[in-house]
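Q: Structure in structure tokens, see below.
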Amino acid sequence: MTETRNHPAPARPSVGLAFGSLLRADFTAALRSRQTLILNILVPILYLVILGINDAKKQFAAPGLLIGLGISFGLMAAGMLGYSLLVASDRAAGVFQRLRVTPTATWLIMGSRITVQLASALLMSVVTIIIGSIVFHVGFAWTQVLGMLGVSILGSIMFLCIGQAVVALLKSQGAVNAVGRLLYIVLLLTGILGSTGILGETLQSIARWTPVGALTELYAVVFGAAWSGDATAAIIAVPAYAIVLGFVGIRFFRWDPR
Amino acid sequence: MSVLQVDGLVVRYGGRTAVDGLSFAIDSGEIFGLLGPNGAGKTSTLSVIEGLQPPTAGTVLVDGEDVTHAPLAAKSKLGVQLQSSSFQAELTIEQLTRLYAGLYGLRLDRDGIRDRLERMGLDGERAQPFKKLSGGQQQRFSLLVSTLPHPVLMLLDEPTQGLDPQSRRQLWTEIEALRGEGGSILLTTHSMEEAQAVCDRIAIIDHGRLLATGTPAGIVAEYREDPRVRRLAHGEPTLEDVFIGLTGSAIRD
């Protein structure tokens with residue numbers, strides 16, 4: 001048996017180098033993923049273009065609110081569907097197991113992915129604001145744009161927490177996909193139809209408390225709507241969803257699909 | 001000092017005990033084989049050493065670092081090749097090499113990365129994602145990632161499974177080179193021939209318990225007169241005869 005060691009014992013890597021390496025890889029992967037691109041950018045743009053083509057819809061609500069609603073749908077698609085599916089498929093393929101046997105803290109692995117999601121949410125919000133301004137022929141003050149981006153970050157965190165809870169509570173990739181889509185449709189419909197009052201006052205009240213309803217309310221405030229009881233409820237509801245579902249998502253998450 | 005010290009390791013999943021008081025140690029520069037039928041507790045044992053599974057009881061020290069209390073320090077001394085794992089599908093193996101180098105604390109420039117890939121015969125595939133590589137190339141790339149930090153201890157979970165003889169031989173040449181640099185290796189395998197050929201010492205385990213440990217030749221000599229082994233042997237007992245004699249001939253899933 002050889003008793004000598006020809007190389008020094010490996011040193012612990014720095015947090016900065018590890019996080020930088022993860023960020024670079026996750027950004028590259030996000031840029032190469034067609035699914036991410038479609039979910040993050042195309043969903044809100046498609047929504048705004050459809051509304052723009054149909055002039056009657058312009059009377060339906062203020063342009064700023066419609067743009068906010070469009071961003072909400074984009075955040076929902078990226079956070080609830082894109083993020084949860086990506087995590088579920090990487091978990092099923094063993095990508096997380098491979099990362100976890102390196103001397104990297106697990107919070108860095110997830111932190112990098114969440115940072116990439118937040119950055120792409122901000123990019124999507126900026127693109128949606130620009131496209132929305134063109135479609136609806138409106139301009140916004142810088143304070144409104146900054147407010148909109150702030151609400152987008154808050155909304156993105158909330159939908160990522162919902163996505164994290166889904167992927168934590170369901171082990172199979174297929175189940176995450178199915179439940180994510182179902183949730184998306186339910187929240188989309190309550191967001192669009194519920195908030196209009198078409199489905200009655202009861203559903204309208206419920207819709208205000210849903211993630212999409214609460215977020216839309218915050219966008220409305222950014223665009224000059226008077227502060228109301230609904231706005232107070234929304235500013236409580238959005239962080240509350242994030243905290244509760246984020247806790248569930250972290251507490252019950254399993255890195256291993258088995 | 002041993003590079004790996006496993007003492008009284010117990011792993012339970014609910015009511016099922018996968019590892020039941022296992023103890024063994026690996027010295028510097030040693031190739032140690034962990035043998036056992038399916039469900040014997042090999043992968044559970046490796047999972048604890050890798051830091052993927054907390055032990056129910058017992059201690060595991062990697063070069064003096066406790067995997068439970070100082071998991072990142074212990075992991076920084078390990079190179080791991082998992083039985084089934086994958087890499088991000090969107091990244092090329094060049095990008096993956098940069099990523100994993102960073103995770104092990106190495107700053108590799110493009111030349112450094114290409115040099116590593118070239119040494120594994122993968123330079124021509126550097127723009128390919130992991131999934132597009134052949135089985136042998138995938139194993140070599142996994143080995144490249146595992147050896148990036150010059151680990152004190154390599155953990156190889158069935159490293160040659162599914163490889164053709166040429167790829168297997170090449171992989172063992174790489175592993176021997178690593179040992180030549182002073183690294184130790186813990187491997188699991190179902191191939192008795194491989195264990196006999198490459199391992200300095202082996203441990204046979206079943207139902208999470210240690211049944212025998214020693215050099216392959218020493219174990220064969222120790223059990224050659226055991227009636228369970230004699231019943232199976234056609235002529236001189238082999239390591240496979242001893243293995244089946246000790247663990248039984250019932251098929252495991």
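The values are calculated or read from the model by the stated rules, or taken from the named source; none is laboratory data. From a predicted model like this one, the values you see are computed outputs, not experimental measurements. Here Cβ is always computed from backbone atoms with ideal geometry, including for glycine, and neighbour counts include all displayed protein chains.
Q: With the checklist (1) without any contact (Cβ under 8 Å) to a residue 12 or more places away in the chain; (2) more than 23 Å from A:T143 (Cα to Cα) in hand, flag the one item A:A226 doesn't pass.
A: (2)
Q: Also, I was wondering about something else. Taking the criterion of being buried (at least 24 other Cβ atoms within 10 Å of the Cβ) and among the β-branched types (V, I, T), would at least one residue in segment A:108-126 satisfy it?
A: No, segment A:108-126 has no match at all.
Q: Assuming B:Y100 fulfils every condition listed in (1) more than 21 Å from B:S76 (Cα to Cα); (2) in contact with a helix residue (DSSP H, G or I) (Cβ under 9 Å, 6 or more places away or on another chain) apart from one, which condition is it?
A: (1)
Q: A:A165: surrounded by 16 or more Cβ atoms within 10 Å (Cβ to Cβ), in contact with a Phe, Trp or Tyr (Cβ under 9 Å, 6 or more places away or on another chain), of a type outside the set (K, R) and within 29 Å of B:L52 (Cβ to Cβ), yes or no?
A: Considered against the rule, which asks whether it is surrounded by 16 or more Cβ atoms within 10 Å (Cβ to Cβ), in contact with a Phe, Trp or Tyr (Cβ under 9 Å, 6 or more places away or on another chain), of a type outside the set (K, R) and within 29 Å of B:L52 (Cβ to Cβ), A:A165 comes out as yes.
Q: Report, ordered by the first and then the second residue, all pairs with beta carbons closer than 6 Å, sequence separation of six or more or different chains, a first member in segment B:102-114 that is more than 14 Å from chain A (Cβ to nearest Cβ) and basic (K, R), and a second member that is part of a helix (DSSP H, G or I) and surrounded by fewer than 20 Cβ atoms within 10 Å (Cβ to Cβ).
A: B:R114/B:D123
Q: Run B:E118 past the list (1) more than 24 Å from B:K42 (Cβ to Cβ); (2) in a strand (DSSP E or B); (3) not aromatic (F, W, Y) and report the number of the one that doesn't hold.
A: (2)
Q: Another question, if that's okay. Out of the residues in segment A:97-113 that are part of a helix (DSSP H, G or I) and touching a helix residue (DSSP H, G or I) at 6+ places or on another chain (Cβ under 6 Å), state the one that is nearest to B:V67 (Cα to Cα).
A: Keep residues of segment A:97-113 that are part of a helix (DSSP H, G or I), which gives A:97-100, A:106-113.
The next check asks that each one be touching a helix residue (DSSP H, G or I) at 6+ places or on another chain (Cβ under 6 Å); those that pass are A:99, A:108-109, A:112-113.
Numbers: A:L99: 16, A:L108: 19, A:I109: 19, A:S112: 24, A:R113: 26 Å.
Going through the qualifying residues, I end up with A:L99.
Q: Quick one: what pairs do we get from segment B:41-58, first residue touching a residue at least 40 places away in the same chain (Cβ under 8 Å), second of a type outside the set (K, R) and assigned to a helix (DSSP H, G or I), C-beta under 8 Å, 6+ apart or different chains?
A: Short answer, once both residue conditions are applied: B:Q53/B:S44; B:Q53/B:S47; B:P55/B:V48.
Q: While we're looking at this one, here's another question. Please work out if B:V62 is more than 9 Å from chain A (Cβ to nearest Cβ), more than 15 Å from B:T189 (Cβ to Cβ) and in contact with a Lys or Arg (Cβ under 8 Å, 6 or more places away or on another chain).
A: Working: more than 9 Å from chain A (Cβ to nearest Cβ): yes; more than 15 Å from B:T189 (Cβ to Cβ): yes; in contact with a Lys or Arg (Cβ under 8 Å, 6 or more places away or on another chain): yes.
Criteria met by B:V62.
Q: If B:V67 satisfies every condition in (1) of a type in the set (A, V, I, L, M, F, W, C); (2) more than 17 Å from B:L156 (Cβ to Cβ); (3) away from chain A (no Cβ under 14 Å); (4) surrounded by 22 or more Cβ atoms within 10 Å (Cβ to Cβ) but one, which is the exception?
A: Just one mismatch for B:V67, condition (3).
Q: Looking only at residues in segment B:109-138 that are in contact with a Ser or Thr (Cβ under 7 Å, 6 or more places away or on another chain) and surrounded by 16 or more Cβ atoms within 10 Å (Cβ to Cβ), which one is farthest from A:R24 (Cα to Cα)?
A: Here the answer is B:G136.
Q: Would you check if A:W227 is under 30 Å from A:D90 (Cα atoms) and outside any helix (DSSP H, G or I)?
A: Numbers: under 30 Å from A:D90 (Cα atoms): no; outside any helix (DSSP H, G or I): yes.
Here the answer is no, as A:W227 does not meet what is asked.
Q: Can you tell me which residue is modelled with the lowest pLDDT among those in segment B:152-168 that are in a strand (DSSP E or B) and closer than 25 Å to B:D241 by Cα?
A: Initial filter on segment B:152-168 (in a strand (DSSP E or B)): B:153-157.
Narrowing the set further to residues that are closer than 25 Å to B:D241 by Cα leaves B:156-157.
Values: B:L156: 91, B:D157: 88.
Step by step, filter segment B:152-168, then rank; the result is B:D157.
Q: Has segment B:76-90 got any residue that is under 15 Å from the mean Cα position of the chain (by Cα), more than 10 Å from chain A (Cβ to nearest Cβ) and buried (at least 22 other Cβ atoms within 10 Å of the Cβ)?
A: Taking segment B:76-90 as the starting set, the residues that turn out to be under 15 Å from the mean Cα position of the chain (by Cα) are B:77-85.
Next cut, more than 10 Å from chain A (Cβ to nearest Cβ) only: none.
Within segment B:76-90, none of the residues are under 15 Å from the mean Cα position of the chain (by Cα), more than 10 Å from chain A (Cβ to nearest Cβ) and buried (at least 22 other Cβ atoms within 10 Å of the Cβ).
Q: Working only within segment B:19-59, note down all residues that are away from chain A (no Cβ under 14 Å) and among the hydrophobic types (A, V, I, L, M, F, W, C).
A: Selection gives B:V19, B:L22, B:F24, B:L34, B:L35, B:A40, B:A57.
One line per residue, one yes/no per condition, for (1) of a type in the set (S, T, N, Q); (2) more than 17 Å from B:L82 (Cβ to Cβ):
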position: B:R12; (1), (2): no, yes
position: B:R16; (1), (2): no, yes
position: B:D20; (1), (2): no, yes
position: B:I26; (1), (2): no, yes
position: B:I31; (1), (2): no, yes
position: B:S47; (1), (2): yes, no
position: B:E50; (1), (2): no, no
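Listed here are the residues, each with its yes/no results for (1) touching a residue at least 12 places away in the same chain (Cβ under 8 Å); (2) of a type in the set (S, T, N, Q).
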{"site": "A:N40", "(1), (2)": "yes, yes"}
{"site": "A:G52", "(1), (2)": "yes, no"}
{"site": "A:L65", "(1), (2)": "yes, no"}
{"site": "A:G70", "(1), (2)": "yes, no"}
{"site": "A:A93", "(1), (2)": "no, no"}
{"site": "A:R100", "(1), (2)": "yes, no"}
{"site": "A:A141", "(1), (2)": "no, no"}
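Q: Among the candidates B:A212, B:A217, single out the residue that is closer than 27 Å to B:V10 by Cα and free of Cβ contacts under 8 Å to residues at least 60 places away in the same chain.
A: Values: B:A217 fails: closer than 27 Å to B:V10 by Cα.
Within the list B:A212, B:A217, the selection yields B:A212.
Q: While we're on this one: Output yes when any residue across segment B:142-153 is of a type in the set (S, T, Y), away from chain A (no Cβ under 14 Å), touching a residue at least 60 places away in the same chain (Cβ under 8 Å) and in contact with a strand residue (DSSP E or B) (Cβ under 9 Å, 6 or more places away or on another chain), and no when none is. Talk me through it step by step, then tell me what you get.
A: Taking segment B:142-153 first, the residues of a type in the set (S, T, Y) are B:142, B:146-147.
Pick out the ones that are also away from chain A (no Cβ under 14 Å) and you get none.
No; the residues of segment B:142-153 include none that is of a type in the set (S, T, Y), away from chain A (no Cβ under 14 Å), touching a residue at least 60 places away in the same chain (Cβ under 8 Å) and in contact with a strand residue (DSSP E or B) (Cβ under 9 Å, 6 or more places away or on another chain).
Q: Checking the condition assigned to a helix (DSSP H, G or I) and crowded, with 17+ Cβ neighbours inside 10 Å, which residue from A:G174, A:G191 passes?
A: On the way: A:G174 fails: crowded, with 17+ Cβ neighbours inside 10 Å.
Only one candidate qualifies: A:G191.
Q: How many of the residues in segment A:215-240 are surrounded by fewer than 22 Cβ atoms within 10 Å (Cβ to Cβ) and within 13 Å of A:M158 (Cα to Cα)?
A: Counting residues in segment A:215-240 that are surrounded by fewer than 22 Cβ atoms within 10 Å (Cβ to Cβ) and within 13 Å of A:M158 (Cα to Cα) gives 6.
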